[in-house]
1. Going by the structure shown, is residue 44 assigned to a loop (DSSP other than H, G, I, E, B) and within 15 Å of the chain's Cα centre (by Cα)?
2. Exactly one of these conditions fails for residue 82: (1) more than 23 Å from residue 49 (Cα to Cα); (2) free of Cβ contacts under 8 Å to residues at least 24 places away in the same chain. Give me its number.
3. Which residue out of 58, 88 is within 22 Å of residue 124 (Cβ to Cβ) and out of contact with any strand residue (DSSP E or B) (no Cβ under 8 Å at 6 or more places or on another chain)?
4. Is at least one residue of the range 112-128 at pLDDT 95 or above and buried (at least 18 other Cβ atoms within 10 Å of the Cβ)?
5. Applying the selection to the range 129-144, what residues are free of Cβ contacts under 8 Å to residues at least 40 places away in the same chain and either over 19 Å from residue 65 (Cβ atoms) or buried (at least 17 other Cβ atoms within 10 Å of the Cβ) (or both)?
6. Across the range 69-86, which residue is modelled with the lowest pLDDT among those that are surrounded by fewer than 17 Cβ atoms within 10 Å (Cβ to Cβ) and over 21 Å from residue 20 (Cβ atoms)?
7. Which one of 36, 40 is in contact with a strand residue (DSSP E or B) (Cβ under 8 Å, 6 or more places away or on another chain), without any contact (Cβ under 8 Å) to a residue 40 or more places away in the chain and surrounded by fewer than 18 Cβ atoms within 10 Å (Cβ to Cβ)?
8. Please pick out the residue among 107, 95, 25, 112 that is over 21 Å from residue 129 (Cβ atoms), in a strand (DSSP E or B) and either in contact (Cβ under 8 Å) with a residue 24 or more places away in the chain or in contact with a strand residue (DSSP E or B) (Cβ under 6 Å, 6 or more places away or on another chain) (or both).
């Protein structure tokens with residue numbers, strides 16, 4: 001799937017936006033039928049692992065992820081977290097970048113490459129559209 005990119009401006013300070021966007025349990029609350037299972041002790045760092053489990057009853061799939069880059073923002077510097085998807089059904093990566101904005105607040109950028117192994121590439125445009133909608137909605141909700 002091509003990389004999707006979503007940018008959202010907020011009046012939140014970069015540190016607060018970062019805190020909200022890297023609260024992995026809150027991510028699960030923003031995606032329908034999903035919960036996040038944290039597998040490593042806090043605080044988040046390179047090597048932190050968690051799984052987003054989506055489904056109902058016994059019909060579920062897991063999206064295990066690992067933090068491979070962890071660079072929180074400073075007052076005037078950008079922050080970046082990179083997650084690598086380690087699952088058998090879902091592969092790819094995600095990045096969340098926080099940039100201080102002129103005049104206050106910040107800009108959050110969510111980039112993601114998502115591959116669902118069960119779907120042929122023919123479905124990439126549909127997967128990308130669904131991901132843009134879902135992750136855009138989650139990004140706005142997490143920053144609200």
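1. Against the criterion (assigned to a loop (DSSP other than H, G, I, E, B) and within 15 Å of the chain's Cα centre (by Cα)), residue 44 qualifies.
2. All conditions pass for residue 82, except number (1).
3. Every option except 88 fails the conditions.
4. Yes, the range 112-128 contains at least one residue that is at pLDDT 95 or above and buried (at least 18 other Cβ atoms within 10 Å of the Cβ).
5. 129, 133, 144
6. If we take residues in the range 69-86 being surrounded by fewer than 17 Cβ atoms within 10 Å (Cβ to Cβ) and over 21 Å from residue 20 (Cβ atoms), then 86 is modelled with the lowest pLDDT.
7. Working: 36 fails: surrounded by fewer than 18 Cβ atoms within 10 Å (Cβ to Cβ).
From the options 36, 40, the qualifying one is 40.
8. Numbers: 95 fails: over 21 Å from residue 129 (Cβ atoms); 25 fails: in a strand (DSSP E or B); 112 fails: over 21 Å from residue 129 (Cβ atoms).
Result of the check over 107, 95, 25, 112: 107.
The values are calculated or read from the model by the stated rules, or taken from the named source; none is laboratory data. Just so you know, these numbers come straight off a predicted model, no measurement behind them. As a convention, Cβ positions derive from the backbone with ideal geometry for all residues, glycine included, and neighbour counts pool all protein chains shown.
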